[in-house]
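The values are calculated or read from the model by the stated rules, or taken from the named source; none is laboratory data. Just so it is clear, the model here is predicted, and its values are computed rather than measured. Here Cβ is always computed from backbone atoms with ideal geometry, including for glycine, and neighbour counts include all displayed protein chains. All accessible areas refer to the heavy atoms of the entire protein, side chains included, with ligands and DNA or RNA removed. Shrake-Rupley method; radii C 1.70, N 1.55, O 1.52, S 1.80 Å.
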Amino acid sequence: MTGTAVQSRAAETELDEAASCPACGAQGLTIFHEQQGIPVHSCRLVATREEAEAFPRGTLRLALCHACAFITNTAYEPSLQSYFVSYEETQGFSPRFREFMDELAQRWIDRYELQGKDVLEIGCGKGEFLVAMCERGAARGTGIDPAIVLERVSGPAASRIAFIQDLYDEKYAHLTGDAVVCRHTLEHIHPVAEFLRTIRRSLEQRADTVVLFELPDVLRVLRECAFWDIYYEHCSYFTPGSLARLFRATGFDILALELDYDDQYILVEARPGSGRTQAPALEEQPEEIAHAVEAFGRELAAVQSRWRAELAQVRQNGGRAVVWGSGSKGVSFLTTLGITDEIGYVVDINPYKQGKFMAGTGHEIVAPGFLREYRPDLVVAMNPIYREDIQRDLDALGLDARLEAV
Ligand SMILES: [Zn+2]
């Protein structure tokens, strides 16, 4: 395993006068965090260690817009990425995530009376959420995603769903529905205002359509110094406030703005309108984000040092450590810290990922059952919300490894 050439810098900030905000158009963004040499994808299925270590890399240069508090990667190059090839983003194998997804599908069906109605999902991934909505009463679904795999869509509702394997853009503006759903997608899109305006234009004659978005809250990431939640695939970072401001600016009236999933995700629910509605209670002001960005810059190095020291300690004592969770957080955690053999393996419950390798560091992904032989001393969970699920799996395997969550 080779070391990674990741360099990060977070202490000083610098104004990029030429850059303009992709959300509100304001000129001049403050760069506050930079990392070079990070894998441009973190959910690709990589078949060999060599391929994983040679994975294409890019630069992350996070900048804050002081006008609207949107955060963007100013070094992002979309040409480095493709979502069409063996992309495994689903969290549907996790019981905890599955439960949340089903509950959210039911909530939106009930709240917006979508029984017998049509749902369009932009960025539907493997289609699980659209299936969940159709199973709970939606009449028909249309899903668009470059990474859709039709053989994996099953269940009695699957026949009422049409899938389009593509990225959403203007040419799909004729597709509408009684609800337009977009989950964990907007953060992968660089021209965010343009994307929302395309959706808004498609709804010119559909004032009754409800628009339902879900995406990560970067305010939590900043406050918790959660550097593993920052990676190349996410070129756009929202807080509840910057998301609400973007929705209003692009002609949506906000119906609800909430946090969910242990406050990790923002849910925004809106309708096409004038955009002149009142600010929701959760909408914080840009100054608050500026303070959180400053605190992140001050504390990041210490948080990273603590993790490096802890993993080094396990190895010095002749112990073994594994990471649990091979998704984007895992890739970011390993590459950002420059981890090599301090971590032996990465565990994942998704069978499609087992036997594959982590982009960047080349760690092999194994099934939980592998640990019965390997007997790790430390298991690092990539999301605290899965702690109970993981502990149950470790108990079932008869392991007494110390479990720590990021
Ligand atoms: Zn802005």
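In vacuum, with every alpha carbon of the range 193-333 counted as one equal point scatterer, what does the Debye formula give for log10 I(q)/I(0) at q = 0.12, 0.15, 0.20 Å⁻¹? Two decimals, please. Per q value, in the given order, log10 I(q)/I(0) is -0.61, -0.83, -1.21. Given C65, A138, V303, which one lies farthest toward the positive end of the charge dipole of the chain, if we put +1 on the Cβ of every Lys and Arg and -1 on the Cβ of every Asp and Glu? The Cα lying farthest towards the positive end belongs to A138.
The range 206-264: percent of C-alpha pairs farther apart than 15 Å? Could you put the intermediate results ahead of the total?
Values: 942 of 1711 pairs.
Above the 15 Å cut-off, the range 206-264 has 55 percent of its Cα pairs.
A 1.4 Å probe, protein heavy atoms only, puts the accessible area of T142 near 30 Å².
What is the antiparallel percent of DSSP beta bridges lying wholly in the range 162-269, to the nearest 5?
On the way: 10 of 16 bridges.
Antiparallel: roughly 60 percent of the beta bridges in the range 162-269.
DSSP assigns beta bridges within the range 259-406; of those with both partners inside it, close to 20 percent run antiparallel.
Pairs of lysines in the chain whose Cα atoms sit within less than 30 Å of one another amount to 8, provided the residues are eight or more positions apart or on different chains.
By a 1.4 Å probe calculation restricted to protein chains, R308 has an accessible surface near 90 Å², given to the nearest 10. Using the rule -39500 (n - 2.57) for each DSSP H run of four or more residues, divided by the residues of the chain, the 222 nm mean residue ellipticity is -8500 deg cm²/dmol. Compared with the dominant principal axis of the Cα atoms in the chain, helix 192-202 is inclined by about 40°. The largest-to-smallest principal axis extents of the Cα set in the range 269-383 are 60, 35, 22 Å. The DSSP beta bridges internal to the chain are antiparallel in roughly 55% of cases.
Provide the net charge surrounding L394, with neighbours chosen by a C-beta distance below 15 Å and charges set as Lys +1, Arg +1, Asp -1, Glu -1. Local charge sum for L394: -3. Packing here is the average count of other Cβ atoms within 10 Å per residue, and on that basis the peptides 167-174, 362-369, 149-156, highest first, run 362-369, 167-174, 149-156.
Taking Rh as the Kirkwood radius, which is the inverse of the mean 1/r over Cα pairs, what is the Rg/Rh value for the chain?
Details: Rg = 21.0 Å, Rh = 21.9 Å.
Result for the chain is an Rg/Rh of 0.96.
Taking all protein chains together, R197, R44, R140 sort by accessible area into R140, R197, R44, largest first [probe 1.4 Å].
For the set H188, H41, the ranking by accessible area, highest first and with no ligand, DNA or RNA atoms included, is H188, H41 under a 1.4 Å probe.
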